[in-house]
Amino acid sequence: MYLVPIGSGRFELYTEPADDAPDRATPHEPAAFWSRTFRRLHDRWHDTARAAHAEPGGGPPAGQLARARDWLVRRIAESIAEQRTLWSLRGVASASFVHPANLSSESAAAIRVRLLAHARRHHGCWLIANLIGVAITAVLVLLPGPNLIGYYFVFRAIGHFLSWRGARQALDQIAWTPRPEEALTELGDLAPLPREERAGRVAALASRFAAAASRRFFDRVACPAR
């Protein structure tokens, strides 16, 4: 996990799992069926997300239902991007904690604990709120057509539950091994710059983390973004 400085003395936690989907099971393992099923759903989701983010072409204008579907898919994709770090911590027993070299291991650990404690409270509260939303919108299943609003609350409830579990695991169970990283210190120095000015240097630094999405993450959370 990386402790990423994003400007004005603020930090965010970031990690990039090797694969969004679980490990593939062999055909003789009991989990093979569920692994294949999850893989199919995983691939279908990515196809749906790409279609929802695609620029409108020269075809007929999309109807209201299609626009609502694409908006919902984009919102879910954004939520996944924001929460995938916490999701990846579930079930982890030990992890490397990479922090800016200008912070001591003790100071970096204190920031990590603060961020994780806030995440646990935040996602716990939103889990309750979205479960209420699921209960309220359950009556919409009586109406014709897909219950997009209900699906939205169901997804958010699941996402917040997984994030809450990840934060709790990170606070209570994971054994952390700290490692200072000078590139993170340099990254923090770039946070105040406009995105266009810092783009080349951020890309070079991100490549040192061997994390393909770390540049997109930094651009999304660092200020100013433009």
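Restricted to segment 134-226, the set of helices (runs of 4 or more DSSP H) holding at least 1 residues that are modelled with pLDDT of 90 or more and either buried (at least 19 other Cβ atoms within 10 Å of the Cβ) or of a type in the set (D, E) (or both) comprises 148-172, 182-190. Please specify each residue of segment 105-120 satisfying the condition of being among the small types (G, A, S) and within 16 Å of H160 (Cα to Cα). Hits for segment 105-120 are A117, A119. Do we have any residue at all in segment 83-90 that's modelled with pLDDT of 90 or more, part of a loop (DSSP other than H, G, I, E, B), under 21 Å from A167 (Cβ atoms) and open to solvent by less than 70 Å² (accessible area, probe 1.4 Å)? Yes; the residues of segment 83-90 include at least one that is modelled with pLDDT of 90 or more, part of a loop (DSSP other than H, G, I, E, B), under 21 Å from A167 (Cβ atoms) and open to solvent by less than 70 Å² (accessible area, probe 1.4 Å). In this structure, R120 does not qualify as open to solvent by 50 Å² or more (accessible area, probe 1.4 Å), at pLDDT below 95 and touching a helix residue (DSSP H, G or I) at 6+ places or on another chain (Cβ under 7 Å).
The values are calculated or read from the model by the stated rules, or taken from the named source; none is laboratory data. All of these numbers come straight from a predicted model, not from anything done at the bench. Because the Cβ atoms are built from the backbone with ideal geometry, glycine has one as well, and the counts that use them run over all protein chains shown. In case anyone asks, the SASA skips ligands and DNA or RNA and just uses the protein heavy atoms, side chains included. Shrake-Rupley method; radii C 1.70, N 1.55, O 1.52, S 1.80 Å.
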